[in-house]
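The values are calculated or read from the model by the stated rules, or taken from the named source; none is laboratory data. The model shown is predicted, which means the values in this text are computed figures rather than measured ones. Every residue, glycine among them, receives a Cβ derived from its backbone with ideal geometry; neighbour counts consider all protein chains shown.
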Amino acid sequence: MSGSGTTGIRRIELACIEHYDRELPALECYLESNGQAQRRRRELSARTEETKMTVPFMGGCLCGSVRYECAAEPAMSGHCQCNDCRRASGSGHSSHLAVPENAVSISGKLSVYERKADSGNVVGRAFCPTCGSPVYSKNSGMPGLVFLRASSLDDLEIFKPQVVVYTKRAASWDFMDPTLPAFETMPPAKAMPSAAS
């Protein structure tokens, strides 16, 4: 009886060893890639912490025919997941930096597409007619501001998102930083964070 029990335990041990040997390469690969991902996240976090807002900052379109320079820090920065921003960006959302219009100088030819938003305000989206890159937008309900596209920045680390709006229109696969304040639609101005906060 004890002999057969010992044989059974040995059989289980051998099966476990065989399973471990078979799964070890995949486990090692996972641990290595997970470690690399964690190191990459730490590096990016450190780099973001080191990046200070420098004014003026610059950006432009993909082909280089449109360039801009902004001489003021953003009043606010955030992501918008509304239908129009999603379609205009070709992704799940658009990322914007709101800056004073009189602080931005632009060179090159732009085309503008205007469309009425849910609020009834007219949003004009400016893009390069050659390469199609979105550069900025304006909202008739927010005069004096230009919303530069974060994707058009020369230094992407200048963009520091503070808020997510129109989450009710978000695609299930468009994940946002869960620590950011999030609003189902466009909140009142007093609810929006400022760049100083």
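Listed by first and then second residue, the pairs linking a residue in the range 125-137 that is under 8 Å from L110 (Cβ atoms) to a residue that is among the polar types (S, T, N, Q), with Cβ atoms under 8 Å apart and 6 or more places separating them unless they lie on different chains, are A126/S111; A126/S137; F127/S111; F127/S133; C128/S65; C128/S111; P129/S111; V135/S152. Restricting attention to the range 118-135 and to residues that are buried (at least 16 other Cβ atoms within 10 Å of the Cβ) and hydrophobic (A, V, I, L, M, F, W, C), the residue that is farthest from F57 (Cα to Cα) turns out to be V123.
D154 passes every criterion in (1) loosely packed, with under 13 Cβ neighbours inside 10 Å; (2) more than 30 Å from K109 (Cβ to Cβ) apart from (2).
Can you say whether L148 is of a type in the set (A, V, I, L, M, F, W, C) and in contact with a His (Cβ under 8 Å, 6 or more places away or on another chain), as far as the supplied structure shows?
Considered against the rule, which asks whether it is of a type in the set (A, V, I, L, M, F, W, C) and in contact with a His (Cβ under 8 Å, 6 or more places away or on another chain), L148 comes out as yes.
Taken together, the criteria exclude V163 from residues that are in contact (Cβ under 8 Å) with a residue 24 or more places away in the chain, touching a strand residue (DSSP E or B) at 6+ places or on another chain (Cβ under 8 Å) and over 16 Å from A75 (Cβ atoms). Within the range 155-177, if we keep just the residues that are part of a helix (DSSP H, G or I) and of a type outside the set (D, E, K, R), the residue that is nearest to the chain's Cα centre (by Cα) turns out to be L156. Does any residue of the range 91-110 turn out to be without any contact (Cβ under 8 Å) to a residue 24 or more places away in the chain and assigned by TED's automatic domain parsing to the domain that holds A171? Within the range 91-110, none of the residues are without any contact (Cβ under 8 Å) to a residue 24 or more places away in the chain and assigned by TED's automatic domain parsing to the domain that holds A171.
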